[in-house]
Amino acid sequence: MKKNIKDYNLDELKQALIKLGEKPYRAEQIFKWIFVENVISFDEMTNLSLELRNKLNQNFDLHVFKILQKQESKDGTKKYLFDVLDENAIETVLMEYKHGRTICVSSQIGCRMGCRFCASTGIKFSRNLSSGEIIEQLLAIQRDENIKISNLVFMGIGEPLDNYNNVINAIKILNNQKGINMGARHISVSTSGLVPKIYDLADENMQCTLSVSLHSANNETRSKMMPINKTYDIQELIKACKYYIQKTNRRVSFEYALAKDNNDNLGDAKELVNLLKGMLCHVNLIPINKIENGNYIKSTNENIINFRDYLNQKGIVATIRRELGSDIDAACGQLRKKEVEKCKLMQKPI
Ligand code: SAH
């Protein structure tokens, strides 16, 4: 298979063109065609000679995703199912907020983390997505909707820090001012808590938002929800988050999915306050979304509000996340295998 040209950051593209006997400045022109003009063929790159376009065609591919399915929620959220060209499919979600459009991208095909409350756990891990495939999710939606997307979150299928190099390279490509020019502050990396990789991310000095899926301040409860907690417990995780804050001066965001009688009473809130006291952070409370065969059910509205109010009273900034796209199974933790398999059987683009 030809190399995906979207996997190359600008420096790598320059090197690749030099190897092909071309001048490095051509890389900037090509980079702009790919990431700004969002073309779907090398033949559209009209300021390049026919010879160079032929060379590109021979050596590279633009890896344009086919849309297998697109669903729209009543609230305007859109869920895409893309054919990633090797028999696999992935899901991506587009959300509209007052402050702009946010895309929720997948970073892997399947996930190895095994969180008990997450539908992606049912998907057998098959491989990492390349940086080009991560970015193509954004480009494909921008083409389909004729829009510009302002924010990106790594909260789709997969554990981004388990695909560290490709995710970092994708962020570098997204950041590049000669291309998509999306500032790191508009990008959130969400992790279930791969502690050593949080240190690595802090050392990149990238200014992206670190979002940590905490869900409990109690090791026993968290280990039941998230097996990763048996490898890196809450204390190690918080230490790594403090390092991230110290290195980047950025506020860390903690995700907390509230499940009835599991992690939603005032005792749980107290433990959370003790854990996060004095930290530069924000807590995002999410009413847990029930998944097929899942044991966790949503907390009552009253419990959710009490939980938030308690945190706020104790000086921890907490907000309840608006649920988007739940009617099309596009809400947190709902991206899953069933749709992917169904569509693979149909193999029918819309
Ligand atoms: N692996 C990464 C990113 C993918 S999950 C991570 O764990 O952070 C994105 C977010 O959705 C995480 O905060 C995850 O804990 C949350 N999530 C997963 N399943 C959920 C569910 N059923 N209800 C609410 N949130 C869920």
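Quick look at the numbers
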quantity: Charged-residue dipole, Cβ positions (Lys, Arg, Asp, Glu), the chain about Cα centre, Debye nearest 20; calculated: 300
quantity: DSSP-defined beta bridges in segment 20-165 - what % are antiparallel, rounded to 5; calculated: 85
quantity: Spatial separation of Cα centroids for segment 78-115 and segment 158-219, in angstrom; calculated: 16
quantity: Cβ-defined net charge surrounding residue 186, 13 Å radius [Lys, Arg +1; Asp, Glu -1]; calculated: +4
quantity: Exposure ranking of 309, 327 by accessible area [1.4 Å probe, largest first]; calculated: 327, 309
quantity: Percent antiparallel among DSSP beta bridges (both partners in the chain, rounded to 5); calculated: 45
quantity: Sulfur and carbon atoms: percent of accessible area, the chain [1.4 Å]; calculated: 47
quantity: Over 22 Å between alpha carbons, listed pairs 239/277; 239/298; 124/224; 78/98; 79/178; 242/277; calculated: 239/298; 79/178
quantity: Whole-number accessible area per residue in Å² for the chain, which is evaluated in the context of all protein chains at 1.4 Å; calculated: 45
quantity: Cut-off under 5 Å, modelled amide H: who pairs with residue 254 long-range; calculated: 212, 282, 283, 284
quantity: Contour excess over end-to-end distance, with Cα ends at residue 178 and residue 43 and 0.36 nm allotted per residue; calculated: 46.5 nm
quantity: Projected label distance in nm at residue 3 and residue 51, using a 7 Å step from Cα toward the beta-carbon; calculated: 2.1
quantity: Karplus 3J(HN,Hα) series, Hz, for segment 210-222 with 6.51 cos²θ - 1.76 cosθ + 1.60 (x for Gly, Pro); calculated: 9, 10, 10, 7, 8, 6, 6, 9, 10, 4, 5, 5, 5
quantity: Selection from 153, 115, 134, by position along the positive dipole direction of segment 108-162 (Cβ); calculated: 115
quantity: Under 5 Å, built H, 5+ apart or other chain: amide partners of residue 297; calculated: 260
quantity: Backbone HN-Hα couplings from phi across segment 313-322 [Karplus 6.51/-1.76/1.60, Hz, Gly and Pro as x]; calculated: 4, 8, x, 9, 6, 9, 10, 8, 6, 5
quantity: Estimated FRET transfer efficiency when R0 is 30 angstrom, pair residue 309-residue 97 (beta carbons, to 0.05); calculated: 0.80
quantity: The chain: relative contact order as a whole-number percent, Cα under 8 Å and 6+ apart; calculated: 17
quantity: 3J(HN,Hα) from dihedral phi, segment 295-301, Karplus parametrisation 6.51/-1.76/1.60, rounded to Hz, x for glycine, proline; calculated: 8, 8, 10, 4, 5, 6, 4
quantity: Size descriptor, Kirkwood hydrodynamic radius, that averages inverse alpha-carbon separations across the chain, Å; calculated: 21.1
quantity: Selection from 85, 48, 67 lying farthest towards where the dipole of the chain points positive, charges on Cβ; calculated: 48
quantity: Three-way shape label, segment 210-271, alpha-carbon gyration tensor, a/c 1.5; calculated: prolate
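The values are calculated or read from the model by the stated rules, or taken from the named source; none is laboratory data. These numbers come from a predicted model, not from an experiment. A quick note on method: Cβ atoms are made from the backbone with ideal geometry, for glycine too, and the neighbour counts reach across all protein chains shown. Note: areas computed on protein heavy atoms with side chains; ligands, DNA, RNA excluded. Shrake-Rupley method; radii C 1.70, N 1.55, O 1.52, S 1.80 Å.
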